[in-house]
1. Is it the case, given these coordinates, that A54 is in contact with a strand residue (DSSP E or B) (Cβ under 8 Å, 6 or more places away or on another chain), closer than 24 Å to N18 by Cβ and crowded, with 18+ Cβ neighbours inside 10 Å?
2. Spot the failing condition for R206; the list is (1) open to solvent by 100 Å² or more (accessible area, probe 1.4 Å); (2) among the basic types (K, R); (3) part of a helix (DSSP H, G or I), and only one is missed.
3. Identify the residue in the stretch 103-123 that is free of Cβ contacts under 8 Å to residues at least 60 places away in the same chain and outside any loop (DSSP other than H, G, I, E, B) and, among all such residues, is surrounded by the fewest Cβ atoms within 10 Å (Cβ to Cβ).
4. Since E192 meets every condition but one in (1) within 29 Å of S45 (Cβ to Cβ); (2) surrounded by 14 or more Cβ atoms within 10 Å (Cβ to Cβ), which condition does it not meet?
5. All but one of (1) in a loop (DSSP other than H, G, I, E, B); (2) surrounded by fewer than 21 Cβ atoms within 10 Å (Cβ to Cβ) hold for A48; which doesn't?
6. Check I126 against each of (1) open to solvent by 90 Å² or more (accessible area, probe 1.4 Å); (2) modelled with pLDDT of 90 or more; (3) closer than 21 Å to G66 by Cα and name the one condition it does not meet.
7. Determine the pairs where a residue that is in a strand (DSSP E or B), located within the stretch 1-30, has a partner that is surrounded by fewer than 14 Cβ atoms within 10 Å (Cβ to Cβ) and modelled with pLDDT under 80 with Cβ atoms under 9 Å apart, the partner being 6 or more residues away or on another chain.
8. Which members of the stretch 58-86 meet the condition of being surrounded by 20 or more Cβ atoms within 10 Å (Cβ to Cβ), in a loop (DSSP other than H, G, I, E, B) and modelled with pLDDT of 95 or more?
Amino acid sequence: MYCDELEPADGKPYERVNMEEAKRGTPPDRPVRVYADGIFDVFHSGHARALMQAKCLFPNTHLIVGVCSDDLTHKFKGFTVMNEDERYDAVRHCRYVDEVVRNAPWTLTPEFLTRHRIDFVAHDDIPYSSAGSDDVYKHIKEAGMFAPTQRTEGISTSDIITRIVRDYDVYVRRNLQRGYTAKELNVSFINEKKYHLQERVDKVKRKVRDVEEKSKEFVQKVEEKSIDLIQKWEEKSREFIGNFLQMFGPEGALKHMLKEGKGRMLQAISPRHSPDSSPTREERSPSPTFRLPFFTKTSPPPSPPPHHSGARGYLISEDDDEDDEN
């Protein structure tokens, strides 16, 4: 059973606050010291969220994070991907962490809590069975020092390792491409050749897939161009047919031109007709008289002086001609 008065290692008295006081922000002269521990292997967002919740438990919180060593972790939990120094450094660079305790104990003891002047221990509320105990935080809960946090579903170190193991071949081929040797990856000679062959086959598949995609794009472009050309051809065809009918159709311009030309031609070769209002004989101007060489209608001119020939001339008018005919 824990006492309210704790004697820290430096000899100064330390009074632990309870949950109600911590939530009210008391005592005002110091922050509430919260401790969270873990392995933090392959540090991920689930770890960061748990530490964020621990940091935000109270208005003024000093977050201490304990990271277990490789020896304890390998003994009680299993082999880690990252070594202890890498895990210490990963936690130290999380912005919610104020202090890191290296080589943290697997089970918290009163001495450890007193030495680090811990007010509360933050962890998810699921019982954590290990080291022969059904719940390593059971005594912390009974002492009223436990502050529960929530786990982030869908992400954990075990989940990440499971993905790598499930897709082992993919990651081996990935690292071989990046320059790692088969010896570094603990891959046999036969498997190395198999992975290289698989990589070449996959490259061919990717090229074929790229060619298929490009072919589809080309065919699609050709179809679009064909549709565009057909539409333009249809428009031009309709325009041509309309112009043709306008020129050569039954009522086209050519027919009117031929009719007009034919009319002009007939008008040019046909004689002119007398006007309907022709003047009568009485209205006509008198007929002109014709002077013949030897006959005239007018009185004869004065007789010329007689000639020795004795010739005789006569003047004959049109009336005289009629009398002679009678």
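1. Numbers: in contact with a strand residue (DSSP E or B) (Cβ under 8 Å, 6 or more places away or on another chain): yes; closer than 24 Å to N18 by Cβ: yes; crowded, with 18+ Cβ neighbours inside 10 Å: yes.
Judged against the criteria, A54 is a match.
2. Checking R206 against (1) open to solvent by 100 Å² or more (accessible area, probe 1.4 Å); (2) among the basic types (K, R); (3) part of a helix (DSSP H, G or I), the one that fails is (1).
3. Ranking the candidates gives E111 first.
4. Failed condition: (1).
5. Result: A48 passes all but (1).
6. All conditions are met except number (2).
7. Final answer for the pair search is E5/P13; L6/P13; Y14/E5; Y14/E7; Y14/P8; E15/D4; E15/E5; E15/P27.
8. Hit for the stretch 58-86 is C68, nothing else.
The values are calculated or read from the model by the stated rules, or taken from the named source; none is laboratory data. Quick caveat, the model's predicted, so the values are computed rather than measured. All Cβ positions, even for glycine, are placed from backbone atoms using ideal geometry, and neighbour counts span all protein chains on display. Note: accessible area is taken over every heavy atom of the protein model, side chains too, but ligands, DNA and RNA are not part of it. Shrake-Rupley method; radii C 1.70, N 1.55, O 1.52, S 1.80 Å.
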